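Worksheet: one structure, shown below.
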Amino acid sequence: MAGRHELAHPEDLQMVMLAYRLEGRQPPFAEWAAAQPGVRMANEFERADVLRAEEERLRAVYDGTEGVGLLRLNVRAALSEYDGGRGGYYLTAFTPGSVLTFTAYPVDRAHPERVSVRVDNPGELNFWPLDAATARDVLDRNGGLRNVVLDARMRITGISRRSDGSALSATLLGYTITSDRHGQPVVLGGLRFDGNGG
């Protein structure tokens, strides 16, 4: 349904703009621009120029979503205790029914714009099979900590409108498991999926 371009590590407003585009709607740029603090605080001599610049900025964010069909999102997760029976870690992300939510406030805090992303792959997505020695090494490389970041890639498969905002469905293509405890991402491993649960 969507294009071939990837939107990498988007901010909440970018996700809202993407949802508008995928729904075939145009955001109310003029209304959103007029609500920005910089526009409201501008004096009468500068206000028109500030408003125009803000509207152009919003349109540029929207234009940046053209042709997007892939998402690349950082998802925080934690490693379970090592499961010796199965041989691997469970990750606290991408469990069945989990949803990623993005919320922007283009007008004010009382009028949020929300977009949710639900992964629609069949099968298990949160088990990382590792032998015990490799699993121990992963924990050592992460400084004994269990918090990790999943650099996830997904393909958008659909969108629907709900009372609380737009809901994207997506197929998880895979993720790289990283540690960012020193501010420098360290790759610990990764998982790939064929879109059919395998």
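The values are calculated or read from the model by the stated rules, or taken from the named source; none is laboratory data. In this text, all values refer to a predicted model and were calculated from it rather than measured experimentally. Here the Cβ is made from the backbone with ideal geometry for all residues, glycine too, and neighbour counts use every protein chain on show. All accessible areas refer to the heavy atoms of the entire protein, side chains included, with ligands and DNA or RNA removed. Shrake-Rupley method; radii C 1.70, N 1.55, O 1.52, S 1.80 Å.
Couple of notes before you dig in:
- Of all the numbered requirements in (1) in contact with a strand residue (DSSP E or B) (Cβ under 8 Å, 6 or more places away or on another chain); (2) assigned to a loop (DSSP other than H, G, I, E, B), TYR90 misses one, and that requirement is (2).
- Scope segment 110-166; condition among the polar types (S, T, N, Q) and open to solvent by 30 Å² or more (accessible area, probe 1.4 Å); matching residues: THR134, ASN147, THR157, SER160, SER163
- Qualifying residue in segment 32-52 (condition: outside any helix (DSSP H, G or I), surrounded by 14 or more Cβ atoms within 10 Å (Cβ to Cβ) and either modelled with pLDDT of 95 or more or touching a strand residue (DSSP E or B) at 6+ places or on another chain (Cβ under 8 Å) (or both)): no
- For segment 1-23, taking the residues that are modelled with pLDDT under 95 and open to solvent by 60 Å² or more (accessible area, probe 1.4 Å), the one that is nearest to LEU73 (Cα to Cα) is identified as ARG4.
- Counting only residues that are small (Gly, Ala, Ser) and touching an Asp or Glu at 6+ places or on another chain (Cβ under 9 Å), segment 144-159 holds 1 of them.
- Here the condition is being under 26 Å from GLY67 (Cα atoms), touching a residue at least 60 places away in the same chain (Cβ under 8 Å) and not in a helix (DSSP H, G or I); of ARG155, ARG118, it holds for ARG155 alone.
- Count of segment 53-84 residues, restricted to those that are open to solvent by 40 Å² or more (accessible area, probe 1.4 Å), farther than 28 Å from ASP164 by Cα and in a strand (DSSP E or B), is 1.
- VAL149 vs. criteria over 23 Å from ARG4 (Cβ atoms), part of a strand (DSSP E or B) and among the aliphatic types (A, V, I, L, M): yes
- Looking only at segment 85-107, residues that are open to solvent by 60 Å² or more (accessible area, probe 1.4 Å) and closer than 30 Å to GLU54 by Cβ come to 2 in all.
- The conditions of being within 17 Å of VAL107 (Cα to Cα) and within 17 Å of the chain's Cα centre (by Cα) are not met by VAL39.
- Test: residue in segment 84-106 that is under 18 Å from the mean Cα position of the chain (by Cα) and charged (D, E, K, R): no
- Single condition ARG109 does not satisfy, out of (1) part of a loop (DSSP other than H, G, I, E, B); (2) free of Cβ contacts under 8 Å to residues at least 40 places away in the same chain; (3) closer than 21 Å to ASP83 by Cβ: (3)
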